[in-house]
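*Asks:* Let me give you the structure first, and then I'll get to my questions.
Computed from the coordinates by the stated procedures, all read-outs in this text should not be read as laboratory data. Since we're looking at a predicted model, the values are computed, not measured. With ideal geometry, Cβ positions are generated from the backbone for all residues, glycine too; neighbour counts draw on all protein chains shown.
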């Protein structure tokens, strides 16, 4: 049987679960964290300093160190995905994450292109970008469900002649 779309483990990970749907009519495949990881609260990362300066109508000085502090956390899944050339995998937040865990996907919605699979930089490893807007750090345990993936087709515009091939991993299509 020819493989059409699905998930595989990245070679550097063992003992992880491949994404699966929770119910018969679920659109999304649940992704789990492949590691124990802490998502730091944004309030520990300098955002409180910025808000205080705004409230006091002070000049805001955002230096390189502060910009490095306030960033999302990449959570490894240990998973890669294959699909047809005219498909992509949409990574969406779990509906319970903001309400129960104060976690949001920093990029809103992730797009995993079909040519990301087995790329030379990271084998197509899908990482989930999370930001914690809660007051305390959030501990994610290996196996916790953190996002969902939905396979979708896409259309191309008339006269789309792009022939460029992917040369790297995460964020490489913008090079």
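*Asks:* Using alpha carbon centroids, what distance separates segment 97-139 and segment 3-59, in Å?
*Replies:* 4
*Asks:* Can you match semi-axes √(5λ) of the Cα gyration tensor in Å to one of these, (i) 32, 21, 15; (ii) 26, 21, 15; (iii) 28, 17, 16, based on a calculation from the structure here?
*Replies:* Computing semi-axes √(5λ) of the Cα gyration tensor in Å and matching it to (i) 32, 21, 15; (ii) 26, 21, 15; (iii) 28, 17, 16 gives (i).
*Asks:* A further question on this structure: Using label points projected 7 Å from each Cα along Cα→Cβ, tell me how many nm separate residue 164 and residue 35, to one decimal.
*Replies:* Taking the simple label geometry, residue 164 and residue 35 are separated by 3.0 nm.
*Asks:* Suppose the Debye formula is applied to equal point scatterers at every Cα of segment 1-60; what is log10 I(q)/I(0) at q = 0.13, 0.19, 0.29 Å⁻¹?
*Replies:* Normalising to I(0) and taking log10 leaves -0.65, -0.84, -1.17.
*Asks:* Let me ask something else about it. Rounded to the nearest 0.05, what FRET efficiency do residue 27 and residue 118 give with R0 = 25 Å and r taken as the Cβ-Cβ distance? Could you check? Provide the component values of the computation, followed by the final result.
*Replies:* Values: r = 25 Å, r/R0 = 1.01.
Between residue 27 and residue 118 the formula returns 0.50.
*Asks:* Quickly rank 18-29, 130-141, 74-85 as a protection proxy: mean count of other C-beta atoms within 10 Å, highest first. Write out the running numbers ahead of the final one.
*Replies:* Numbers: 18-29: 12.7, 130-141: 16.1, 74-85: 19.3.
Packing proxy ranking, top to bottom: 74-85, 130-141, 18-29.
*Asks:* A further question on this structure: If you restrict to DSSP beta bridges whose two residues both lie in the chain, what percentage is antiparallel, to the nearest 5? Can you show the working numbers first?
*Replies:* Values: 30 of 31 bridges.
About 95 percent, rounded to the nearest 5.
*Asks:* Tell me what the chain gives for mean residue ellipticity at 222 nm when only DSSP H runs of n ≥ 4 count, each as -39,500 (n - 2.57), the sum divided by the residue total, rounded to 500 deg cm²/dmol.
*Replies:* Numbers: 2 runs with 15 residues, N = 175.
After summing the helix terms and dividing by residue count, I get -2000 deg cm²/dmol.
*Asks:* With r defined as the distance between the Cβ atoms of residue 43 and residue 95 and R0 fixed at 35 Å, what FRET efficiency is calculated, to the nearest 0.05? It would help to have the intermediate numbers written out before the result.
*Replies:* Working: r = 24 Å, r/R0 = 0.68.
Calculated value: 0.90.
*Asks:* Give me the distance in nm between label points sitting 7 Å out from Cα along the Cα-to-Cβ direction at residue 133 and residue 109, one decimal.
*Replies:* Taking the two extended label points, one gets 1.9 nm.
*Asks:* Between residue 60 and residue 154, what's the calculated FRET efficiency when r is the beta-carbon distance and R0 is 35 Å? Round to 0.05. If you can, show how the numbers build up before the last one.
*Replies:* Values: r = 40 Å, r/R0 = 1.13.
About 0.30, to the nearest 0.05.
*Asks:* Would you mind telling me which residue in 11, 41, 72 has the biggest mean-square fluctuation in a Gaussian network model of the chain, where springs connect alpha carbons within a distance under 10 angstrom?
*Replies:* Fluctuation is largest for 11.
*Asks:* Another question, if that's okay. Where does each of 89-96, 150-157 land if you order them by average Cβ count within 10 Å, highest first?
*Replies:* Values: 89-96: 17.4, 150-157: 10.9.
Those peptides, ordered most packed to least, come out 89-96, 150-157.
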